[in-house]
Ligand SMILES: [Zn+2]
């Protein structure tokens, strides 16, 4: 069964418009419904404590330790730290959710593989974390982009909350999480949203997937880094957009080519799923408004030549993930408290 948000409304009496890292603040035992979401990334593990009303009460971040044992220990560390900081006994938590960048079976809590975080063989992560935490805390595991799209829907500034939304991650690779008709779309082989491996450029750059010209070779953080390496340790996307803004003609061309590729991914998502919003996330989204402007400008350019595309109002559908809310961790916390089955 696909994951459905009961009632189609992901527990949004309160928007998580603000994130507080209230480390050390005791708010006392809360009502039933506290949960922790943990977003496991290639370099960091970011956890959020979600209150019953859907607000983020605190966050905790530690470096990723690769491999099953390291990941379990990292999740346990984050959960214990957040609970202790807020004076919550672990058994006050309605659940813990974990978003993992890999192939996950949410029914069993098993991670089949997640090579970026050192899991190469099937591993019953939910069971291992539950055992490490003790106190009978339910633990659920979900693919990280599925968690992120739930978090994005939860935090989006729109009423009513969009029921059709894509979270487009522009990170090392490119992929999307899909919420369609209020339901997570995982797909028959859990490959729904793998738009990074659709062909954008016939006979283009070779991709690790074995094809050529994949979206990911042009719209990812890795592609951008290759096209415009950072000279000083700043993130390459920031350097590129700053250089372009300063009038460097080569940087402007690289930026526009990148925006063209991201716009291609947006067009794919809208034309296949007619999502109401495409939320740009992942490391490249740290560029912020200049990225959004560049992508919207490219979409506007394309729609100027196509009454069909113009009628779909593509540019209006693109938004940035909120900077002050860890959408992956928030979505994992929604998973953790059993709102997604
Ligand atoms: Zn590919």
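Return one number: the angle in degrees, 0 to 90 and rounded to the nearest 10, between the long axis of the Cα atoms of helix 249-273 and the longest principal axis of the Cα atoms of the chain. Result, in degrees: 60. In this calculation the C-beta distance from residue 113 to residue 257 is compared with R0 = 45 Å, giving a FRET efficiency of 0.90. Against the chain, whose longest principal axis comes from its Cα atoms, helix 289-304 is set at around 50 degrees.
For a label point 7 angstrom out from the Cα of residue 66 toward its Cβ, which stretches of segment 118-137 have the backbone nitrogen within less than 15 Å? It comes to 118-121, nothing else.
Once each part is reduced to its C-alpha centroid, what is the distance from segment 59-121 to segment 287-341 in angstrom? Segment 59-121 and segment 287-341 have Cα centres separated by 27 Å.
Pairs of Cα atoms in segment 162-320 fall into 5 Å distance bins, from 0 up to the last occupied one, in shares of 2, 10, 19, 22, 20, 16, 8, 3, 1, 0 percent.
What FRET efficiency, computed as 1/(1 + (r/R0)^6) with R0 = 35 Å and r the Cβ-Cβ distance, is obtained for residue 297 and residue 208, rounded to the nearest 0.05? Write out the running numbers ahead of the final one.
Values: r = 30 Å, r/R0 = 0.86.
The formula returns an efficiency of 0.70 here.
Can you tell me which of 168, 271, 90 moves the most in a GNM of the chain? Springs connect C-alpha atoms under 10 Å apart. Per the Cα network of the chain with a 10 Å cutoff, 271 tops the list. Rg and Dmax of the chain, both derived from C-alpha coordinates alone, stand at 19.7, 60 Å. Counting only DSSP H runs of at least 4 residues, each contributing -39500 (n - 2.57), and dividing by the residue count of the chain, the helix-based mean residue ellipticity at 222 nm comes to -10500 deg cm²/dmol. The fewest-to-most ranking of 214, 207 by surrounding Cβ atoms within 10 Å reads 207, 214. With R₀ set to 30 Å, the beta-carbon distance separating residue 320 from residue 121 gives a calculated FRET efficiency near 0.25. Mind checking which of 64, 272, 161 has the largest fluctuation in a GNM of the chain, springs on alpha carbons under 10 Å? The residue with the greatest mean-square fluctuation here is 272. When the chain is treated as a GNM with alpha-carbon contacts under 10 Å, the residue of 313, 76, 189 showing the greatest mean-square fluctuation is 189.
Counting only alpha carbon atoms, the long axis of helix 68-85 and the longest principal axis of the chain meet at about 70°.
Treat the count of other C-beta atoms within 10 Å as a stand-in for reagent exposure and order 34, 228, 260 from fewest to most.
Result, fewest neighbours first: 260, 228, 34.
Beta bridges assigned by DSSP with both partners in segment 162-320 are antiparallel in approximately 55 percent of cases.
In terms of other Cβ atoms within 10 Å, 268, 62, 129 run from fewest to most in the order 62, 268, 129.
No lab work stands behind these numbers, since they all come straight from the coordinates. Just so it is clear, the structure is predicted and the values come from calculations on it, not from any experiment. Please note: Cβ atoms are built from the backbone with ideal geometry, for glycine as well, and neighbour counts cover all protein chains shown.
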